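Enquirer: Pasting a structure here, questions to come.
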Amino acid sequence: MIKGYAGRVLEIDLASKQFTFKPLDEDIARDYIGGKGYGTRLLYDRTDAGIDPLGPENPLIFATGPLNGSVAPQSNRFAVVCKSPLTGGIGNATCGGNYAHGMKRAGIDVIVVSHQSESPVRIEINGDRDEVNFIDASDLWGLGTYETQEKLGKKLAHAVIGPAGENKVLYAGIVSNERIAGRTGVGAVMGSKNLKAISITGSRKLEMDDPEAFKSYTKEVRELFKDHPVLGSSMKRFGTAGIVNTTNGRGILPTRNFQRGHFDGAMTISGEWMEDHELKGVKTSCIHCPVTCGRDVEIEGKGVVKGPEYETLALMGSNLEIGDLEAINVWNYHADDMGMDTISLGASLSFAMELKERGIWDAGVSFGDPEGVSGLILDIGHRRGAGDEIANGAKKMSEKFGGHEFAMHVKGLEMSAYDPRGSFAQGVEYATTNRGGCHVQGASMYMESVGPLTINPQNMKLKADIPVLMQNNACAINSMVLCIFTTYGMIPKAIHEMDPDSFGHRAISKVFENLGPMMRLAMGMKGKPMMWFEKWLTYITGTTFSSGHLQEIGGRIFNLERMYNLREGLTGKEDTLPPRMLNESIFENMDSGHPLGELLPRYYKIRGWDADGVPLRSTLDKLRLEV
Amino acid sequence: MSIQVELTYDMGKAIGEHRFEVEAAATVADVVEQTRQRFKEGGDEFAKLAHVTRVAVNGVLVKHSKGMKTALKDGDRVGFVKASAGG
Ligand code: SF4
């Protein structure tokens, strides 16, 4: 077995309550690393087109990668892969916490959960004894994710759902500790299987090819992170919420269901404000991560709980035109406890508010008014009253009530909190990302509009190139499985510290902006490992991984997801943005919205796809992608 | 004529206000100068914070238009923005 892998796949059949341990497929591991890549390959190979995402044929795949189980910073995530009930296409999400670590300690790389249990069940796995126990979970059914995990105790690592998953809210997630595999409705798929929780334990150690090199290099990386302006400073101080004022200043903070990109009340929902006014001094972290981007807040009646992330503050704050941090803290708690993705939840709520504003449908909540939101979130989790409609997400609501032009989703997945009209590459990324409107399948905005580089995010230069490179990179990162925030460390400290008006900084930005093809060439070169994650992979597995290797593997995974979507009937027509993003201008320097029509053909060309967005045979052959 | 000025958190903390209006400012340079005035003795502090800060008018960095000479009109918003990363 390749080093870094436990070498085992656990197959669980919930209908027969049987399980088997099978050897990990080394060919898949070599070609797709693990995590999201491995899971996507399994999903593609094992399922027929057109299955019901909430039916028994949809497998729920939990997958780790070779970095999990090590002490490498940020190497604590597992991927969940299945067909998405929200989009009807590829579904996946990753999650921090300690569950990935638990899987590797149990000597298991991948768990495939098939079919459905007739009644609520939970699974306990002891990897040392090769035991898998199916336990009646009626006593836990209906409980929130906090209480469920509390009842399950601290001895094992858990992945659980809350009422939202049980009730098949289409954007329900799977929770481990305080973290959530939030996107695409993976929690609803777990709920459809009547599976409340998987708990896992073991005491196996990860075998590495060169443990000494790994150990000494990891020490270096910890120092590098400590010293980095993002990973060692701003993320540590403000968490992801540190970006609220930046997106607001750049006019891309979603406000009033993306009607505007600036919110006057942004300061009071910012990370800096939270640090001074709200935080209880506790910064939390996923296992083995020195970044500690989580932060705790206190809410009435519940005590100290996890505070909101940037996406929550934006989608459930500015996007609802509500600057009441205390209220958002409570909503965030409810969403976490119900086990719901706050991005989809926020954009579905803002859609409901705009429906009301236009006199189309009244869910009882309005822009700028916190009244009623708390109760509605609980109603969504339990699918009660108006909550039952909002639980289906913005796309399905727009199909029922109308309002397609202001339903803020791509392929059915609600869009994240970076308005693409001020971040063109991010817009291309939203439009083309296989799981839909998401920012952590590439994070192009960091390279063009919010990070330390100051390229013009509103011209055509590099706007089709950046998404390709970043999406490939993210596919690889999500397969190792590392936290995507590691990419924020890719721009070195020296650039962060330069005066953005200095000659040197301008020169770097100009060179960067004008070197699209060269950049693709440079990143595509197979040479020595340079970045920390390339070196870790190399030390752990014994195989050389450089940027070129990861671009190739990432490209293979991305194209496989694409082929999966095409098989499910999601074509190039779905590579679009909400009409509001394309037609309505929020910047004086633009007559219209995002210029996707101009950028998409370029993107397809770089990808090696035809004019309809279908990968060419030569592209698939080059990637050695069998479909 | 009224221009809305928005400072970064640290800048605002240094002078005790994050948002304020300036009445007469023809260009971005005028706003920067008036903001500097507000810092009074804290001019050094402003310079230090401005060093890693970009200036945007209505969300667009002035370096992509006419820089400090960018002309302003009534109701414009001039923001000091730092680079950041979120998720
Ligand atoms: S950066 Fe934050 S989300 Fe990522 S692993 Fe570290 S603590 Fe978890």
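The values are calculated or read from the model by the stated rules, or taken from the named source; none is laboratory data. None of these values were measured; they are calculated from a predicted model. Note that each Cβ is placed from the backbone with ideal geometry, even for glycine, and that neighbours are counted across all protein chains shown. Areas reflect the complete protein model, heavy atoms only, side chains present, ligands, DNA and RNA absent. Shrake-Rupley method; radii C 1.70, N 1.55, O 1.52, S 1.80 Å.
Enquirer: Out of curiosity, is A:PRO290 open to solvent by 10 Å² or more (accessible area, probe 1.4 Å), closer than 28 Å to A:PRO229 by Cβ and outside the structural domain of A:ALA72 (by TED's automatic domain parsing)?
Expert: Numbers: open to solvent by 10 Å² or more (accessible area, probe 1.4 Å): yes; closer than 28 Å to A:PRO229 by Cβ: yes; outside the structural domain of A:ALA72 (by TED's automatic domain parsing): yes.
Against the criterion (open to solvent by 10 Å² or more (accessible area, probe 1.4 Å), closer than 28 Å to A:PRO229 by Cβ and outside the structural domain of A:ALA72 (by TED's automatic domain parsing)), A:PRO290 qualifies.
Enquirer: Sticking with this one: Considering each residue of segment A:15-29, count those that are more than 25 Å from A:TYR564 (Cα to Cα) and assigned to a loop (DSSP other than H, G, I, E, B), and give that number. Break it down into steps so the answer makes sense when it comes.
Expert: Keep residues of segment A:15-29 that are more than 25 Å from A:TYR564 (Cα to Cα), which gives A:15-21.
From what's left, assigned to a loop (DSSP other than H, G, I, E, B): A:15-17.
Adding up the residues that qualify gives 3.
Enquirer: Here's something else I'd like to know. Being among the hydrophobic types (A, V, I, L, M, F, W, C) and surrounded by fewer than 24 Cβ atoms within 10 Å (Cβ to Cβ) is the filter here; which residues of segment A:482-491 pass it? Steps first, answer last, please.
Expert: Within segment A:482-491, the first condition is being among the hydrophobic types (A, V, I, L, M, F, W, C), and the residues that meet it are A:482-485, A:490-491.
Passing the criteria: A:ILE484, A:PHE485, A:MET490, A:ILE491.
Enquirer: Between a residue in segment A:252-274 that is at positive phi and any residue that is open to solvent by 20 Å² or more (accessible area, probe 1.4 Å), which pairs come within a Cβ distance under 6 Å, given they are 6 or more apart or on different chains?
Expert: If the second residue must be open to solvent by 20 Å² or more (accessible area, probe 1.4 Å), the pairs left are A:ARG256/A:GLU321; A:ARG256/A:PHE367.
Enquirer: Continuing with the same structure: With open to solvent by less than 10 Å² (accessible area, probe 1.4 Å) and touching a Phe, Trp or Tyr at 6+ places or on another chain (Cβ under 8 Å) as the only criterion, which of A:SER509, A:SER479, A:SER444 stands out? Talk me through it step by step, then tell me what you get.
Expert: On the way: A:SER509 fails: touching a Phe, Trp or Tyr at 6+ places or on another chain (Cβ under 8 Å); A:SER444 fails: touching a Phe, Trp or Tyr at 6+ places or on another chain (Cβ under 8 Å).
Matching residue, one of A:SER509, A:SER479, A:SER444: A:SER479.
Enquirer: Any residue that is over 27 Å from A:THR543 (Cα atoms), in contact (Cβ under 8 Å) with a residue 24 or more places away in the chain, away from the ligand (no atom under 16 Å from the Cβ) and touching a His at 6+ places or on another chain (Cβ under 9 Å) - is there at least one of those in segment A:93-113? Spell out how you get there, then give the answer.
Expert: Taking segment A:93-113 and keeping what is over 27 Å from A:THR543 (Cα atoms), we get A:97, A:113.
So of that shortlist, the ones also in contact (Cβ under 8 Å) with a residue 24 or more places away in the chain come out as A:97, A:113.
Then drop every residue that is not away from the ligand (no atom under 16 Å from the Cβ), which leaves A:113.
Next, from what is left, pick out any that are touching a His at 6+ places or on another chain (Cβ under 9 Å): none.
For segment A:93-113, residues over 27 Å from A:THR543 (Cα atoms), in contact (Cβ under 8 Å) with a residue 24 or more places away in the chain, away from the ligand (no atom under 16 Å from the Cβ) and touching a His at 6+ places or on another chain (Cβ under 9 Å): absent.
Enquirer: Residue under question is A:LYS528, and the condition is that it be more than 24 Å from A:SER70 (Cα to Cα) and of a type outside the set (Phe, Trp, Tyr); does it hold?
Expert: Details: more than 24 Å from A:SER70 (Cα to Cα): no; of a type outside the set (Phe, Trp, Tyr): yes.
For A:LYS528, the condition - more than 24 Å from A:SER70 (Cα to Cα) and of a type outside the set (Phe, Trp, Tyr) - is not met.
Enquirer: Can you find a residue that is in contact (Cβ under 8 Å) with a residue 12 or more places away in the chain, buried (at least 21 other Cβ atoms within 10 Å of the Cβ), over 27 Å from A:ALA29 (Cβ atoms) and of a type in the set (Val, Ile, Thr) anywhere in segment A:561-579?
Expert: No, every residue in segment A:561-579 fails to be in contact (Cβ under 8 Å) with a residue 12 or more places away in the chain, buried (at least 21 other Cβ atoms within 10 Å of the Cβ), over 27 Å from A:ALA29 (Cβ atoms) and of a type in the set (Val, Ile, Thr).
Enquirer: Can you say whether A:THR47 is closer than 16 Å to A:GLY89 by Cβ, buried (at least 18 other Cβ atoms within 10 Å of the Cβ) and of a type in the set (Ser, Thr, Tyr), as far as the supplied structure shows?
Expert: On the way: closer than 16 Å to A:GLY89 by Cβ: yes; buried (at least 18 other Cβ atoms within 10 Å of the Cβ): no; of a type in the set (Ser, Thr, Tyr): yes.
For A:THR47, the condition - closer than 16 Å to A:GLY89 by Cβ, buried (at least 18 other Cβ atoms within 10 Å of the Cβ) and of a type in the set (Ser, Thr, Tyr) - is not met.
Enquirer: Given the criteria touching a residue at least 12 places away in the same chain (Cβ under 8 Å) and either in a loop (DSSP other than H, G, I, E, B) or in the same structural domain as A:GLY613 (by TED's automatic domain parsing) (or both), does A:ALA417 qualify? Outline the logic, then answer.
Expert: Values: touching a residue at least 12 places away in the same chain (Cβ under 8 Å): yes; either in a loop (DSSP other than H, G, I, E, B) or in the same structural domain as A:GLY613 (by TED's automatic domain parsing) (or both): yes.
Yes.
Enquirer: Under the condition of being at the interface with chain A (Cβ under 8 Å from one of its Cβ atoms) and in a loop (DSSP other than H, G, I, E, B), which residue from segment B:1-20 is surrounded by the fewest Cβ atoms within 10 Å (Cβ to Cβ)?
Expert: Filtering segment B:1-20 for residues that are at the interface with chain A (Cβ under 8 Å from one of its Cβ atoms) and in a loop (DSSP other than H, G, I, E, B), the one surrounded by the fewest Cβ atoms within 10 Å (Cβ to Cβ) comes out as B:HIS18.
Enquirer: Continuing with the same structure: Checking the conditions here, which among B:ALA50, B:ALA71, B:ALA56 is over 25 Å from A:THR487 (Cα atoms), in contact (Cβ under 8 Å) with a residue 40 or more places away in the chain and either open to solvent by less than 30 Å² (accessible area, probe 1.4 Å) or more than 7 Å from every other protein chain (Cβ to nearest Cβ) (or both)? Let's see the steps before the verdict.
Expert: Numbers: B:ALA50 fails: in contact (Cβ under 8 Å) with a residue 40 or more places away in the chain; B:ALA56 fails: in contact (Cβ under 8 Å) with a residue 40 or more places away in the chain.
None of the other options fit; the residue is B:ALA71.
Enquirer: So, one more: Of a type in the set (Ser, Thr, Tyr) and modelled with pLDDT under 95: does that describe A:SER449? Step through it out loud before you land on a result.
Expert: Working: of a type in the set (Ser, Thr, Tyr): yes; modelled with pLDDT under 95: yes.
Judged against the criteria, A:SER449 is a match.
Enquirer: Please indicate, with yes or no, whether at least one residue in segment A:190-207 is more than 19 Å from A:ALA79 (Cα to Cα) and open to solvent by less than 10 Å² (accessible area, probe 1.4 Å).
Expert: Taking segment A:190-207 first, the residues more than 19 Å from A:ALA79 (Cα to Cα) are A:194, A:202-205, A:207.
This time we only want the ones that are open to solvent by less than 10 Å² (accessible area, probe 1.4 Å), so: none.
The answer is no, given that none of the residues of segment A:190-207 is more than 19 Å from A:ALA79 (Cα to Cα) and open to solvent by less than 10 Å² (accessible area, probe 1.4 Å).
Enquirer: A further question follows. For B:ASP30, indicate whether it is more than 28 Å from A:HIS277 (Cβ to Cβ) and either away from chain A (no Cβ under 13 Å) or open to solvent by 40 Å² or more (accessible area, probe 1.4 Å) (or both). Steps first, please.
Expert: Values: more than 28 Å from A:HIS277 (Cβ to Cβ): yes; either away from chain A (no Cβ under 13 Å) or open to solvent by 40 Å² or more (accessible area, probe 1.4 Å) (or both): yes.
Yes, satisfied.
Enquirer: While we're here: Report, ordered by the first and then the second residue, all pairs with beta carbons closer than 6 Å, sequence separation of six or more or different chains, a first member in segment A:289-302 that is of a type in the set (Val, Ile, Thr), and a second member that is part of a strand (DSSP E or B) and more than 16 Å from the ligand (Cβ to nearest atom).
Expert: Short answer, once both residue conditions are applied: A:ILE299/A:VAL305.
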